[in-house]
Amino acid sequence: MGRITICYIIIAVSIIIDQITKYIVRTNMVLGESIPVIENVFHITYFRNSGAAFGILQGQTTLLTVLPIILIAAILFFLTAKTRENHFLLPLSLALICSGGIGNLIDRLRFGAVVDFLDFRVFPIFNVADSCVVIGCGLLIIYMFVFEKTEKTQSSGTV
C-alpha cells in the first residue's frame, strides 16, 4: 500500500472518528451541558462554535466555509502531486490538517456551527477535528525544522 493511500485512509478514519464523537455528543447531551470526567480538570461539554479557533470570526459562515474548501483542495492536490519524495512526516501532517478541516467543514455546512466538546477547563473547548489540525501543524513544524533542510541538502548534493 502506497504512502498516499495510507494518508487518504488516515483522512477517512479521522473524519469518521470526529463525526461519530460529535454525533454521540449531539444526540446524548443538551447544548451547554457539561459532564465531569475528572472534576475541574476534564469535562465533556456540549458547545457550538459559529466562529473559528478560540471563537474569533463569529458569524462569518461564508468565509469560514469557502476558505477551508480552498485550503482543503490545495492540500489534497499537494498531498497527491508533490509529497511522494518527501519524508513521511510531511504527507502525514497534511493528511491530519486536511481531515480536521473536512470534519469541521461538515459541521459548518450541516449545522452552521462546529460541535465542540473536549473541555480541559484551561483553554477553549475543542473537538477531534481541532486536535487533528493542531497535531498536523505540530508535525509540519517538526518536518520543516528537522527533515526539510536535510531533504534540500540531499537533493542539491551538498553536505
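Under the condition of being in contact (Cβ under 8 Å) with a residue 60 or more places away in the chain and either closer than 13 Å to Gly51 by Cα or in contact with a Pro (Cβ under 8 Å, 6 or more places away or on another chain) (or both), the residues counted in the range 105-129 number 9. For the range 82-115, residues that are in contact with a strand residue (DSSP E or B) (Cβ under 8 Å, 6 or more places away or on another chain) and either among the polar types (S, T, N, Q) or farther than 20 Å from Ile24 by Cα (or both) total 1. Restricting attention to the range 10-60, the residues being part of a helix (DSSP H, G or I), modelled with pLDDT of 95 or more and not aromatic (Phe, Trp, Tyr) number 18. Among the helices (runs of 4 or more DSSP H) confined to the range 67-159, the ones with at least 1 residues that are surrounded by fewer than 13 Cβ atoms within 10 Å (Cβ to Cβ), among the β-branched types (Val, Ile, Thr) and at pLDDT 95 or above are located at 128-142.
Within the range 63-84, restricting attention to residues that are of a type outside the set (Val, Ile, Thr) and free of Cβ contacts under 8 Å to residues at least 12 places away in the same chain, the residue that is farthest from Ile11 (Cα to Cα) is Leu63. Taken together, the residues in the range 85-110 that are in contact with a Ser or Thr (Cβ under 9 Å, 6 or more places away or on another chain) and farther than 11 Å from Ala129 by Cβ amount to 7. Restricting to the range 1-51, what's the tally of residues that are touching a Phe, Trp or Tyr at 6+ places or on another chain (Cβ under 9 Å) and acidic (Asp, Glu)? So the answer is 1. Exactly one residue out of Val30, Val41 is surrounded by fewer than 16 Cβ atoms within 10 Å (Cβ to Cβ) and touching a residue at least 40 places away in the same chain (Cβ under 8 Å), and it is Val41. Take Arg108 and tell me if it is over 21 Å from Ile4 (Cβ atoms) and not hydroxyl-bearing (Ser, Thr, Tyr). Criteria met by Arg108.
The values are calculated or read from the model by the stated rules, or taken from the named source; none is laboratory data. Only a predicted model underlies this, so the values are computations on that prediction, with no experimental measurement involved. A quick note on method: Cβ atoms are made from the backbone with ideal geometry, for glycine too, and the neighbour counts reach across all protein chains shown.
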